[in-house]
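*Asks:* Structure provided below as structure tokens; questions to follow.
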Amino acid sequence: MEKQNRMSHVLAIPIPAQGHINPMTQFSKRLASKELQVTIVIFSSKVLKHTRRPGSVQVVTIDFDGYEGKISLDDYLRQFRATVTRKLPELVAELSTSSGHPISCLLYDSHMPWVLETARQLGLIGASLFTQSCAVDTVYYNIHEMQQKKIPPEKLLVTVSRFPSLAALEIADLPSFVQGMESESEYSSLLNQVVGQFSNFKDADWIFVNTFNTLEEEAVNWLASQRSIKPIGPMIPSFYLDRQLEDDKEYGPSLFKPNLDGCNEWLDSKETGSVVYVSFGSLAALGGEQMAEIAWGLKRSGCCFLWVVRESERKKLPINFAEESSGNGLIVTWSQQLEVLAHRSVGCFMTHCGWNSTLEALSLGVPMVAMPQWTDQPTNAKYIADVWQVGVRVKANEKGIVTKEEVEGCIREVMEGERGNEIRRNSEKWMKLAQTAADEGGSSDKNITEFAADLARKFH
Ligand code: UDX
């Protein structure tokens, strides 16, 4: 191929979890729309079965599945790192030759900071994508810095919860791995993993964050005072932001198969703003008692509901609940979440507050009932309820259960009355700001353009 036809080629490397594959795929598509060649590596044997090719981005796979609990997390992460480190140089060489566009940049998930070493060995640019909020990144960054200075955990907890560029956080608002950090716990490996994202934070050539400037202005400015960071969010298919590119509706590689029989028709048959959409994302597993309280709470609210209960969670539903609520309620094992959130009949999203779900609801102007489960979700819930004021947050009882009365009350608060109106007004405001950031020439779009131009310049 003639040199002048060759493009700079980015190899995008998400970790094998849906909440990480989705934003990386969107980022890849945006880069591909800016005159770059982009290939995304998916680490799973399961994924291609339900994958539609994400536009102009090529997808390749390496057989290495997400964590399924068969070995310890630390062993899994060691094996993952060894496999990726071994296979990346071969893949880079192979793709550079087969596509005719030499790979010039490794764009990796921030949970794999060690990919930077491979980038350096191969003489490539190393760019990292942080897929969680900038507030959460700020918490982990500070913990990383203070751990380096051997500051004891109890002091560290107080410091991060009172940190000036963040909302005033109670301990219960901190990411779950941080809440219990004073004692050795099942979360210790996960805490090491999330804090480890910052091990070479200052060395990477580019740092991207799936957020937008106006959403987290103070946290973005503070983290940017430590080193340059580029907000590029919200990373959702462009169709949902501007309703123009019909063919950019799909997320792309999926680890789950949607079962949507009749889902759209069901939504079409409901009144505008009347449906509560309920989903706890791709990982969270609720207890049986909690599932039953949600079920009865939904029923008591009198609202129609569409509830995603993954196949592995289905046995926790009360007996006959799905059959008895048919008509008023629909239960599916996986949805096309963006299509659902964009549907006119959906009036409220009861969510676990995963960062993607949070950004998706916010960008589509859907008010939320925040029911965080673990990881970054408590912090996201705090911002949803108290900072952006686009939803209400449930309160658990002394046994840690969110009762049916609480579920009903929170849904009513969002769906009815003056508080609901106020939340809807705020949701509209944030939806517009999200669109402005992503629009051509908006703050996030500018950062993506700058990166693409820099890669193209260095390549030629
Ligand atoms: C996890 C963590 O929970 C989250 O907090 C972190 O920020 C990323 O990793 P997950 O639990 O899967 O992610 O939640 P979320 O971040 O919301 O991502 C789920 C993705 O799957 C979203 O993009 C959502 O649109 C999609 N989804 C979810 C579907 O397409 N269909 C569904 O039925 C449910």
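The values are calculated or read from the model by the stated rules, or taken from the named source; none is laboratory data. None of these values were measured; they are calculated from a predicted model. With ideal geometry, Cβ positions are generated from the backbone for all residues, glycine too; neighbour counts draw on all protein chains shown. Ligands, DNA and RNA are stripped out before the accessible areas are found, and what is left, the full protein with its side chains, is counted by its heavy atoms. Shrake-Rupley method; radii C 1.70, N 1.55, O 1.52, S 1.80 Å.
*Asks:* Take the residues of region 118-134 that are more than 15 Å from the ligand (Cβ to nearest atom) and either of a type in the set (D, E, K, R) or in a helix (DSSP H, G or I) (or both): which is surrounded by the fewest Cβ atoms within 10 Å (Cβ to Cβ)? Explain how you work it out, then say what you get.
*Replies:* Quick first cut of region 118-134, residues more than 15 Å from the ligand (Cβ to nearest atom) only: 118-128.
This time we only want the ones that are either of a type in the set (D, E, K, R) or in a helix (DSSP H, G or I) (or both), so: 118-122.
Details: Thr118: 21, Ala119: 23, Arg120: 15, Gln121: 11, Leu122: 15.
Once the filter is applied, the top-ranked residue is Gln121.
*Asks:* Can you find even one residue in region 291-299 that is more than 16 Å from the ligand (Cβ to nearest atom), in contact (Cβ under 8 Å) with a residue 12 or more places away in the chain, out of contact with any helix residue (DSSP H, G or I) (no Cβ under 6 Å at 6 or more places or on another chain) and open to solvent by 30 Å² or more (accessible area, probe 1.4 Å)?
*Replies:* yes
*Asks:* Then there is this: Hey, any hits in region 314-322 for a residue that's out of contact with any Ser or Thr (no Cβ under 7 Å at 6 or more places or on another chain), within 23 Å of Arg243 (Cα to Cα), part of a helix (DSSP H, G or I) and modelled with pLDDT under 95?
*Replies:* Scanning region 314-322, I find no residue that is out of contact with any Ser or Thr (no Cβ under 7 Å at 6 or more places or on another chain), within 23 Å of Arg243 (Cα to Cα), part of a helix (DSSP H, G or I) and modelled with pLDDT under 95, so the answer is no.
*Asks:* Answer yes if at least one residue in region 194-201 is closer than 19 Å to Gln132 by Cβ, touching a Pro at 6+ places or on another chain (Cβ under 6 Å) and small (Gly, Ala, Ser), and no otherwise.
*Replies:* Yes.
*Asks:* Every residue in region 260-289 that is assigned to a helix (DSSP H, G or I), touching a residue at least 60 places away in the same chain (Cβ under 8 Å) and more than 16 Å from the ligand (Cβ to nearest atom), please.
*Replies:* Asp268, Glu289
*Asks:* Something else now. Only residues in region 433-447 that are over 14 Å from Ser363 (Cα atoms) count as the first member; pair them with residues that are β-branched (Val, Ile, Thr) and open to solvent by 20 Å² or more (accessible area, probe 1.4 Å), Cβ under 6 angstrom, at least 6 apart or cross-chain, and list the lot.
*Replies:* Gly442/Thr436
*Asks:* Of everything in region 347-391 that's β-branched (Val, Ile, Thr) and within 18 Å of Val276 (Cα to Cα), which residue is nearest to the chain's Cα centre (by Cα)? Spell out the reasoning first.
*Replies:* Step one: filter region 347-391 for residues β-branched (Val, Ile, Thr), giving 351, 358, 366, 369, 375, 379, 384, 387, 390.
With within 18 Å of Val276 (Cα to Cα) added as a condition, the list becomes 351, 358, 366, 369, 384, 390.
Working: Thr351: 13, Thr358: 8, Val366: 16, Val369: 17, Ile384: 15, Val390: 18 Å.
Looking at the filtered set, the residue picked out is Thr358.
*Asks:* Taking the stated definitions as given, is Gly287 open to solvent by 10 Å² or more (accessible area, probe 1.4 Å) and closer than 23 Å to Val387 by Cβ? Working first, answer last.
*Replies:* On the way: open to solvent by 10 Å² or more (accessible area, probe 1.4 Å): yes; closer than 23 Å to Val387 by Cβ: no.
No.
Residue-wise test of (1) in a strand (DSSP E or B); (2) under 19 Å from Trp206 (Cβ atoms); (3) free of Cβ contacts under 8 Å to residues at least 40 places away in the same chain.
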position	(1), (2), (3)
Val220	no, yes, no
Gln226	no, yes, no
Ile236	no, no, no
Tyr240	no, no, no
Leu245	no, no, yes
Asp248	no, no, no
Gly252	no, no, no
Phe256	no, no, no
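*Asks:* For residues that are more than 18 Å from Cys304 (Cα to Cα) and in contact (Cβ under 8 Å) with a residue 40 or more places away in the chain, scanning just region 344-357, find the one that is farthest from the ligand (Cβ to nearest atom).
*Replies:* Of all residues in region 344-357, those more than 18 Å from Cys304 (Cα to Cα) come to 352-357.
Filter again for in contact (Cβ under 8 Å) with a residue 40 or more places away in the chain, leaving 352, 354-357.
Values: His352: 6, Gly354: 2, Trp355: 3, Asn356: 3, Ser357: 3 Å.
So the residue we want is His352.
*Asks:* For the list (1) surrounded by fewer than 24 Cβ atoms within 10 Å (Cβ to Cβ); (2) within 14 Å of the ligand (Cβ to nearest atom), I need the number of the one condition that Ala322 fails.
*Replies:* Only one criterion in (1) surrounded by fewer than 24 Cβ atoms within 10 Å (Cβ to Cβ); (2) within 14 Å of the ligand (Cβ to nearest atom) is unmet by Ala322, namely (2).
*Asks:* Taking the stated definitions as given, is Ser28 of a type outside the set (Lys, Arg), touching a residue at least 12 places away in the same chain (Cβ under 8 Å) and away from the ligand (no atom under 16 Å from the Cβ)?
*Replies:* Criteria not met by Ser28.
*Asks:* Shifting gears a bit: Select from region 358-372 the residues that are aliphatic (A, V, I, L, M) and either near the ligand (Cβ under 7 Å from one of its atoms) or in a loop (DSSP other than H, G, I, E, B) (or both) and list them in ascending order. Walk me through how you get there before you give the answer.
*Replies:* From region 358-372, those aliphatic (A, V, I, L, M) are 359, 361-362, 364, 366, 368-371; that's our starting set.
Answer for region 358-372, where residues must be aliphatic (A, V, I, L, M) and either near the ligand (Cβ under 7 Å from one of its atoms) or in a loop (DSSP other than H, G, I, E, B) (or both): Leu364, Val366, Met371.
*Asks:* What's the total number of residues in region 326-335 that are surrounded by fewer than 18 Cβ atoms within 10 Å (Cβ to Cβ), in contact (Cβ under 8 Å) with a residue 12 or more places away in the chain and away from the ligand (no atom under 13 Å from the Cβ)?
*Replies:* Our first condition is that a residue be surrounded by fewer than 18 Cβ atoms within 10 Å (Cβ to Cβ); within region 326-335, this holds for 326-328, 333.
So of that shortlist, the ones also in contact (Cβ under 8 Å) with a residue 12 or more places away in the chain come out as 328, 333.
Then drop every residue that is not away from the ligand (no atom under 13 Å from the Cβ), which leaves 328.
Going through region 326-335 one residue at a time, the tally reaches 1.
*Asks:* Return the residues of region 247-283 that are under 22 Å from Gln373 (Cβ atoms) and open to solvent by 60 Å² or more (accessible area, probe 1.4 Å); say none if nothing qualifies.
*Replies:* Leu283, the sole residue that qualifies.
*Asks:* If I go through region 87-117 residue by residue, how many of them are under 30 Å from Pro175 (Cα atoms) and either of a type in the set (Ser, Thr, Tyr) or in a strand (DSSP E or B) (or both)? First the steps, then the outcome.
*Replies:* Taking region 87-117 first, the residues under 30 Å from Pro175 (Cα atoms) are 106-117.
With either of a type in the set (Ser, Thr, Tyr) or in a strand (DSSP E or B) (or both) added as a condition, the list becomes 106-110.
Final tally of qualifying residues: 5.
*Asks:* Further question on the same structure: Are any of the residues in region 336-345 open to solvent by 40 Å² or more (accessible area, probe 1.4 Å), in contact with a Cys (Cβ under 6 Å, 6 or more places away or on another chain) and in a loop (DSSP other than H, G, I, E, B)?
*Replies:* The first filter runs over region 336-345 and keeps only residues open to solvent by 40 Å² or more (accessible area, probe 1.4 Å), leaving 336, 339, 344.
Add one more test, that the residue is in contact with a Cys (Cβ under 6 Å, 6 or more places away or on another chain), and what stays is none.
Checked against the condition, which is being open to solvent by 40 Å² or more (accessible area, probe 1.4 Å), in contact with a Cys (Cβ under 6 Å, 6 or more places away or on another chain) and in a loop (DSSP other than H, G, I, E, B), region 336-345 yields no hits at all.
This table checks each residue for (1) among the hydrophobic types (A, V, I, L, M, F, W, C); (2) within 17 Å of Arg424 (Cβ to Cβ).
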site: Cys263; (1), (2): yes, no
site: Gly273; (1), (2): no, yes
site: Glu289; (1), (2): no, no
site: Trp334; (1), (2): yes, no
